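Note sheet for the following structure.
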Amino acid sequence: MFELTSLHWIFTLFILLIIVAMIMRRDTSIICIIGIFLIGYVAKGTINQAIIGIFNSFVYALNELSGTILIISLIVAMSKALLYTGVNEIMVEPFARAIRTPSMAYWIIGVFMMMISWFFWPSPAAALMGAVLLPVGLRVGLPAMGVAASMNLFGHGIALSSDWVIQGAPKLTSAAAGIPVQDVVNASVPLILVMGLVTVSVAYWTLKRDIEKGRLSIEKDTVLINSSDSLDETAAFPLATRVKKWLAAMVLILFGIDVAVMVSFNLRGGDATALIGGTAILIMIMIVLIAHKGKGIEQTTSYLVEGFKFGITVFGPVIPIAAFFYLGDSGFVTIFGKVLPLDSQGLVNDLGLVMAQNVSISPVIGAFTIMIVGIITGLDGSGFSGISLVGSLAKLFSVSIGSGTATLTALGQIAAIFTGGGTLVPWSLIAVAAICNVNPFELARRNLLPVMAGLIVTTVVAIFLL
């Protein structure tokens, strides 16, 4: 039986401190930095190596998040160009005619996000959806937080945890459980339906309640532009209606071509995101050159600077926290070397494994244990790193219970990806938060009740299916 080391206990202690701080709405950066220092000191035995570990963990987190930071910055730069030239108003007009209320915006944006995420995964879907439908939601009275919650729960929650089209997640969990991929997919259907319905319904209820009580303001301006930008006043350059219509059509056509290319060349994940990002750069350049004419070259740089300024501003508070939690997985070996026991699967996965080893198995206990282990393994912000573990545990538990390998595997997959893929870990949902310009920590807090309610109800349903 695997035994926890002092590194595991320190990591666990600081996870609890971070959770308490987040509940109390206090900043957690200092806690994470102290945690990294102590883990480094215990791992390497010297203060100087622990201090070096702090910097290296930041570098590791920045490298891991760099693709997301870049795509967000480029989308924001493009969005600023669309806003200043008035092209965005033309773009959203057709959608605005179909979406007339905040409730319609919540459900329609969410369903669109889910459908695109099934085929291309949520990160590129967020870039596509945010650029076009965020202004629509704001125009009809849905706060930016409501748009973010809808995109996040439908995309990074329902679509990514089911992954019925690409089947990356089911392949990993089914391989670990030793069962066919289709068995996991079939078993996940009723669980995803329950999880999705409960989660988005509770989120909609809390959102509507907070709007009615004035806790959320009805924002009608495009939130991707803030008053602190340093663009020259000449950036605001209204175009003729005919030109704006031509540019709006061009934007939609180019992104439509992106979708066709993704399908034709089977682009997924990072490749799909890169295609969207590159297209956003070209769109921004074309619009700026047309709008600003002789000053287009200088203004192009200004838009890019503002986009990157926004990206760093949004991601800055997240990097220390992500740096700490990346130590729970492969980041630990990269930063501090191979000092964990030889049979260790990483700090986070080890915690889940020990918990599973010390729990007596029955259908009720087995299902809830798999759900909790899935949540624990999702804390690293990946969602995918620990699903092989939950697949293995599902197989082990099902032997004791006598059935239900596929159901337990699907349940663990849903719990891990909803947590870390993600809707609860701030740096895993930051793509949507940044596109909508909302605080990722506030979005995570808003998601907590709906997701936990969904997981509990889904686990109860899974028990009856075992």
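The table below gives the values:
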{"item": "Yes/no for Phe324 being in contact with a Cys (Cβ under 6 Å, 6 or more places away or on another chain), on the phi < 0 side of the Ramachandran plot and modelled with pLDDT of 85 or more", "result": "yes"}
{"item": "Neighbours by Cβ (under 8 Å, 6+ apart or cross-chain): first from region 86-106, free of Cβ contacts under 8 Å to residues at least 60 places away in the same chain; second of a type outside the set (Gly, Ala, Ser) and not in a helix (DSSP H, G or I)", "result": "Ala96/Val140; Ile99/Val140; Arg100/Val140; Thr101/Val140; Met104/Val140; Ala105/Ile99; Ala105/Val140; Ala105/Leu142"}
{"item": "Failed criterion for Ala127 (all others in (1) out of contact with any Pro (no Cβ under 8 Å at 6 or more places or on another chain); (2) assigned to a helix (DSSP H, G or I); (3) open to solvent by 10 Å² or more (accessible area, probe 1.4 Å); (4) in contact (Cβ under 8 Å) with a residue 60 or more places away in the chain hold)", "result": "(3)"}
{"item": "Meets criteria (open to solvent by less than 10 Å² (accessible area, probe 1.4 Å), touching a helix residue (DSSP H, G or I) at 6+ places or on another chain (Cβ under 7 Å) and of a type in the set (Phe, Trp, Tyr)) for Phe418", "result": "yes"}
{"item": "Some residue of region 444-451 being open to solvent by 10 Å² or more (accessible area, probe 1.4 Å), in a helix (DSSP H, G or I) and more than 30 Å from Met78 (Cβ to Cβ)", "result": "yes"}
{"item": "So Val20, is it of a type outside the set (S, T, N, Q), at pLDDT below 85, open to solvent by 50 Å² or more (accessible area, probe 1.4 Å) and touching a Lys or Arg at 6+ places or on another chain (Cβ under 9 Å)", "result": "yes"}
{"item": "Evaluation of Val339 against (1) in contact (Cβ under 8 Å) with a residue 40 or more places away in the chain; (2) of a type in the set (A, V, I, L, M, F, W, C); (3) part of a helix (DSSP H, G or I) (one fails), failing number", "result": "(3)"}
{"item": "Set Val348, Val333, Val354, Val339: member being aliphatic (A, V, I, L, M) and buried (at least 20 other Cβ atoms within 10 Å of the Cβ)", "result": "Val348"}
{"item": "Filter result for Val460 (open to solvent by 10 Å² or more (accessible area, probe 1.4 Å), modelled with pLDDT of 90 or more and out of contact with any helix residue (DSSP H, G or I) (no Cβ under 6 Å at 6 or more places or on another chain))", "result": "yes"}
{"item": "Checking Lys171 against (1) surrounded by fewer than 24 Cβ atoms within 10 Å (Cβ to Cβ); (2) part of a helix (DSSP H, G or I); (3) in contact (Cβ under 8 Å) with a residue 40 or more places away in the chain, the condition it does not meet", "result": "(3)"}
{"item": "Among the candidates Leu327, Leu247, Leu304, Leu267, residue that is open to solvent by less than 10 Å² (accessible area, probe 1.4 Å) and more than 26 Å from Glu93 (Cβ to Cβ)", "result": "Leu327"}
{"item": "Matching residues in region 277-297 - criterion: being touching a residue at least 60 places away in the same chain (Cβ under 8 Å) and among the charged types (D, E, K, R)", "result": "Lys295"}
{"item": "Counted residues, region 48-66 - those being touching a Gly at 6+ places or on another chain (Cβ under 9 Å) and open to solvent by 80 Å² or more (accessible area, probe 1.4 Å)", "result": "2"}
{"item": "Filter result (closer than 22 Å to Leu267 by Cα and open to solvent by less than 10 Å² (accessible area, probe 1.4 Å)) within region 93-119", "result": "Met113, Ser117"}
{"item": "Search result, residues across region 393-408 that are part of a helix (DSSP H, G or I) and in contact with a Leu (Cβ under 9 Å, 6 or more places away or on another chain)", "result": "Leu393, Ala394, Lys395, Phe397, Ser398, Ile401, Thr407, Leu408"}
{"item": "Cβ-Cβ under 8 Å pairs, at least 6 apart or on other chains, region 242-260 side more than 12 Å from Val132 (Cα to Cα), far side outside any helix (DSSP H, G or I)", "result": "Lys244/Gly86; Leu247/Leu239"}
{"item": "Among residues of region 67-92, those that are hydroxyl-bearing (Ser, Thr, Tyr) and open to solvent by 50 Å² or more (accessible area, probe 1.4 Å), counted", "result": "1"}
{"item": "Given (1) farther than 30 Å from Trp9 by Cα; (2) open to solvent by less than 10 Å² (accessible area, probe 1.4 Å), index of the condition Gly40 fails", "result": "(1)"}
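Conditions (1) closer than 16 Å to Lys395 by Cα; (2) modelled with pLDDT of 85 or more, marked per residue:
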{"site": "Ser330", "(1), (2)": "no, no"}
{"site": "Thr334", "(1), (2)": "no, yes"}
{"site": "Leu342", "(1), (2)": "no, no"}
{"site": "Pro363", "(1), (2)": "yes, yes"}
{"site": "Gly374", "(1), (2)": "yes, yes"}
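The values are calculated or read from the model by the stated rules, or taken from the named source; none is laboratory data. Predicted, not measured: the structure shown is a model, and the values here were computed from it. Cβ atoms come from the backbone with ideal geometry, glycine included; neighbour counts cover every protein chain shown. Only protein heavy atoms, including side chains, enter the accessible area calculation; ligands, DNA and RNA are left aside. Shrake-Rupley method; radii C 1.70, N 1.55, O 1.52, S 1.80 Å.
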